[in-house]
1. Of the residues LEU169, LEU165, only one is over 23 Å from GLN241 (Cα atoms), among the aliphatic types (A, V, I, L, M) and over 11 Å from the mean Cα position of the chain (by Cα); which?
2. Given (1) among the charged types (D, E, K, R); (2) free of Cβ contacts under 8 Å to residues at least 12 places away in the same chain; (3) surrounded by 19 or more Cβ atoms within 10 Å (Cβ to Cβ), where does GLU316 come up short, assuming only one miss?
3. Would you mind stating whether LEU355 is modelled with pLDDT under 90, farther than 18 Å from PHE298 by Cβ and touching a Cys at 6+ places or on another chain (Cβ under 9 Å)?
4. Restricting attention to the stretch 454-463, does a residue exist that is crowded, with 19+ Cβ neighbours inside 10 Å and not β-branched (Val, Ile, Thr)?
5. Just the residues that are open to solvent by 30 Å² or more (accessible area, probe 1.4 Å), over 14 Å from SER370 (Cβ atoms) and either not in a loop (DSSP other than H, G, I, E, B) or not small (Gly, Ala, Ser) (or both), please, taken from the stretch 397-423.
6. Among the listed residues ALA443, ALA429, ALA394, which satisfies the condition of being crowded, with 17+ Cβ neighbours inside 10 Å and either more than 30 Å from SER173 (Cβ to Cβ) or without any contact (Cβ under 8 Å) to a residue 12 or more places away in the chain (or both)?
Amino acid sequence: MRPRALVFSLVVLLAPADSLAQDPPEYSLAVQLVQQQQWPQALDHIRNLRQQYPGNPKVGNLEGLALLGGGESGKAAAAFQQVLAARPDFFPALKNLAILEWQTKRPLAAEHTEQALKLEPRDAILNAYGALLELKKNEAAAASSRLDLAGNAISAMPPEIEMHLAYLLGRNSLYQRAAHVYQDIAARGVHSPTLTYNLGLAHYLAADYEDAIHTLEEAESRSRSVDNLNLLAQAYEKNHQTQLAIDRLREAIALAPSDENSYLDLATICIDHNAYPLGIEIVQSGLKNKPASEKLLFELGVLHALSGEFDQARDEFRRAGKMAPGADLPIAALELADIQQNGRKDTLQELRRNLKQKGDSAILCYLLGSSLVHNGAHPGTAEYAEARAVFQRALRLDPKLPYPYIELGKMYEQEGKIIEAIPLFERAALLGPRDPSSYYHLARDYQKLKQPQKASQMLNKLKELEQRGREFERVGLTGPEGQS
């Protein structure tokens, strides 16, 4: 066992016990030997103590610690269990057994941790392990409470367990806490590309973009990584530093020309800034290096569709569909392109059939609703009710997809329910802050509600988006330090 982990375990020796009112010199010497990590000598003294004080839980617990320090985890667990067989409520042995079981991946770790926490609910290190239990049950609030009680005791965990704690925090959307744990691991002298990337990702997901940039730039100064560069670009874009985002993606492309993700991320920036021709140019460049990429072909179709070039969009969607037979997105997009250009109602039936086969697709739900609206569904009709239902279903399947919120908000506007529409547009603006349609509807609705200050704020957002779009077009896709 690592000496660092032992230091925390040895704290239990200070816990009061009812067996020896005053520790005899032999016991104090054994404690001193354990603290000095002189395991063989400590065990010799402890065996003599066991003969003098048979069944004493404090002596048995000390023996378990000495065995553990000597690398005999199995015998250590047996020593703790022997103590608990006679004294199930002897907290020091129960605590040490639980920690040992976590570190050796024994199945009763959770059960013994819960038992120990019932005896000492505020014990710091046990609450750190208790947080793991709560996170595995997806109980984020309970885990947060336990981590508050744990405080700095998370540093007593072995790094691999602390890494797992950080991972579970991220999985439960507790990104700031995850970042704190990753930082604690790094402060203990553990360094690896995976740790650095995960720390940057946790900062990014917590919307701490400056911290993400600092972490990832520092990592890039030591070693080049496409994953780091892609995440760094996203952080720069979120931090309104678009040119730096472009620079990092160009570096990623130069580092790995066949990695489609860098082209896709760069194309997404172009879409966000309504720079569709530049996006087409980037994706076409990616296809020269990876011509069979279904994702790049689909993105090219999207860019052509956004540019109003529906014939070319259909061609790219068909090519993407051939590269990924059975995928729902290229098929649905192809049908939507037909609807957008020709208003073909027969494709609605095809969308319904695809949705029936893939009922868990939020994108298909949204596309079907959009197609129904595009084909003239209006309040009071069955098609209108169907469109509302599929938009609501899309939100249940993917609450972070902004477009169904906008469509539902527009439906409420049609019905004169402005107050009900506003929260939907606000949510869409939060999820898709670069889509001007949310701000346009919010400005108009606030004006109708005679709230000029809020309406003015939304109009300012629209002006800001327009200005940033012009700036993007002016800057273009230049290289680092202005090099084309």
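The values are calculated or read from the model by the stated rules, or taken from the named source; none is laboratory data. The shown structure was predicted, so the numbers you read here are calculated from the model rather than taken from an experiment. Because the Cβ atoms are built from the backbone with ideal geometry, glycine has one as well, and the counts that use them run over all protein chains shown. With ligands, DNA and RNA removed, areas are computed over all heavy atoms of the protein, side chains included. Shrake-Rupley method; radii C 1.70, N 1.55, O 1.52, S 1.80 Å.
1. LEU165
2. GLU316 satisfies every listed condition except (2).
3. So LEU355 passes the test.
4. Within the stretch 454-463, one or more residues are crowded, with 19+ Cβ neighbours inside 10 Å and not β-branched (Val, Ile, Thr).
5. Hits for the stretch 397-423 are LEU397, ASP398, PRO399, LYS400, TYR412, GLN414, GLU415, LYS417, ILE419, GLU420, PRO423.
6. Testing whether each residue is crowded, with 17+ Cβ neighbours inside 10 Å and either more than 30 Å from SER173 (Cβ to Cβ) or without any contact (Cβ under 8 Å) to a residue 12 or more places away in the chain (or both) leaves just ALA443.
Residue-wise test of (1) in contact with a Gly (Cβ under 7 Å, 6 or more places away or on another chain); (2) in contact (Cβ under 8 Å) with a residue 40 or more places away in the chain.
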| site | (1), (2) |
| --- | --- |
| ALA245 | no, no |
| TYR263 | yes, no |
| ASP272 | no, yes |
| VAL283 | no, no |
| GLU299 | no, no |
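For every residue, the table says whether it meets (1) under 21 Å from ALA124 (Cβ atoms); (2) crowded, with 18+ Cβ neighbours inside 10 Å.
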{"residue": "ARG171", "(1), (2)": "no, no"}
{"residue": "GLN183", "(1), (2)": "yes, no"}
{"residue": "LEU195", "(1), (2)": "no, yes"}
{"residue": "TYR204", "(1), (2)": "no, yes"}
